[in-house]
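What follows is a set of notes on a single structure, which appears directly below.
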Amino acid sequence: MTYQRSLRSRILSIAFVPCAALLLVALFIGGFLVQQAIRDRDDAENGAMTMAETSRGIATLQRERSIALQAPGSRSATYLAYADRIDTSLSSLREIARTAPDAEIGYQQTIAVEVLTAVEGMDRSDSLAVAGIDDEGRRSYAAAVGAYRSRLDAVAGKLTESNRQAYRNLVASEDWSRFGAVETALSAATPPPVGQEAWRVAAGVVGRTLGQLAARQIEYSAQLAIDGGRRVLGGALASATAISLLAGVVMAIAMQLARRLPIPVIRCPSRVEATPEAWSRLVSDYAEKSTLLAHTSRGSGRADLSR
């Protein structure tokens, strides 16, 4: 019995070592998946927050530029200074979209940046128009107008359904037509078809609508990034739990099989101890044979001691 217990303990020990190693590996893999998912979620949320903050910062710079261009001084230097700062902010947003943890998130963020870039082009050209356009700056103004309108046309079909509808409504509006007519007249150095007040009202409507469209697109891409990060984390937690449970079940089954493994009973030869009855029989046979040997030794015959 002691031999069986010792052998069974050794078998259980042999089975426990690989099972424990499997469980540790499963825990390590699960922990790595969860850690990576947390990092991806944090990157997605930080990227979304950065995009929202940067877009608000660009809007602030645009307002400051509009005021600065109306003040006396070198308008060209002021225009270039604000343009450089805003372009730097847009470049940082493009980098966030490029390094997005998910292809769909990166795509939507790229569209949001393109919309914001178009809005900046519209505001940039409008700031020049408000500040006054001379013959030297007219070419730059016309190029800015053409660039932002081409960008809007290119990105419009990639917007969310609600944003596409908002853009279609804007393009079909009277304010868009009026604002576009003034841009065409200023580019061609012809008198605007509407007065200053009507022009500025139309410019305000167009600017606000495009700004809201860009904000909604950025918000959509940000929410998509946050949801994607949380979804990845949830999947990693589920995978880690499943891997750990599977390793635990395998370990439990292996240990149970090891406990139920039949242990053969090996009987080793050992010293046979005679019982008192056996001893009595042996002594009686020996006495009988000794007596027979004594009688036959005096005769001529030989005693048969083989009985």
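The values are calculated or read from the model by the stated rules, or taken from the named source; none is laboratory data. Note that this is a predicted model, so its numbers are computed, not measured. We place every Cβ from the backbone using ideal geometry, glycine too, and count neighbours over all the protein chains shown. SASA here: full protein model, heavy atoms, side chains in, ligands and nucleic acids out. Shrake-Rupley method; radii C 1.70, N 1.55, O 1.52, S 1.80 Å.
Can you work out which of the residues in the range 149-200 that are of a type in the set (Gly, Ala, Ser) and not in a helix (DSSP H, G or I) is nearest to the chain's Cα centre (by Cα)?
Per the stated criteria, the residue is Gly157.
Which one is surrounded by the fewest Cβ atoms within 10 Å (Cβ to Cβ), of the residues in the range 92-120 that are farther than 18 Å from Met49 by Cβ and of a type in the set (Ser, Thr, Tyr)?
Tyr107
Which one of the conditions (1) modelled with pLDDT under 90; (2) surrounded by 17 or more Cβ atoms within 10 Å (Cβ to Cβ); (3) polar (S, T, N, Q) does Asn163 fail to meet, given that it meets all the rest?
(1)
Residue pairs, Cβ under 8 Å, 6 or more apart or interchain, first in the range 130-152 and closer than 15 Å to Thr190 by Cβ, second of a type in the set (Phe, Trp, Tyr) and assigned to a helix (DSSP H, G or I). List them.
Ile133/Tyr141
Please find, among Ala215, Ala203, Ala142, Ala154, the residue that is touching a Phe, Trp or Tyr at 6+ places or on another chain (Cβ under 8 Å), closer than 25 Å to Ala83 by Cα and either open to solvent by 60 Å² or more (accessible area, probe 1.4 Å) or not β-branched (Val, Ile, Thr) (or both).
Ala203
Of everything in the range 118-148, what is more than 36 Å from the chain's Cα centre (by Cα) and aromatic (Phe, Trp, Tyr)? Give them in sequence order.
Tyr141
Return a yes/no flag: does the range 31-48 have any residue that is basic (Lys, Arg) and touching a residue at least 24 places away in the same chain (Cβ under 8 Å).
yes
Suppose the filter is part of a helix (DSSP H, G or I), under 38 Å from the mean Cα position of the chain (by Cα), free of Cβ contacts under 8 Å to residues at least 24 places away in the same chain and closer than 14 Å to Gly47 by Cβ; does Arg94 pass it?
yes
Here are Ala71, Ala48, Ala77, Ala52: which of them is part of a helix (DSSP H, G or I) and either more than 26 Å from Thr160 (Cα to Cα) or open to solvent by 50 Å² or more (accessible area, probe 1.4 Å) (or both)?
When all the criteria are applied, what remains is Ala77.
Can you name every residue in the range 55-68 that is open to solvent by 30 Å² or more (accessible area, probe 1.4 Å) and either of a type in the set (Val, Ile, Thr) or not in a helix (DSSP H, G or I) (or both)?
Matches in the range 55-68: Thr60, Ile67.
Within the range 46-67, count every residue that is within 28 Å of Asp227 (Cβ to Cβ) and not hydroxyl-bearing (Ser, Thr, Tyr).
Total meeting the criteria: 11.
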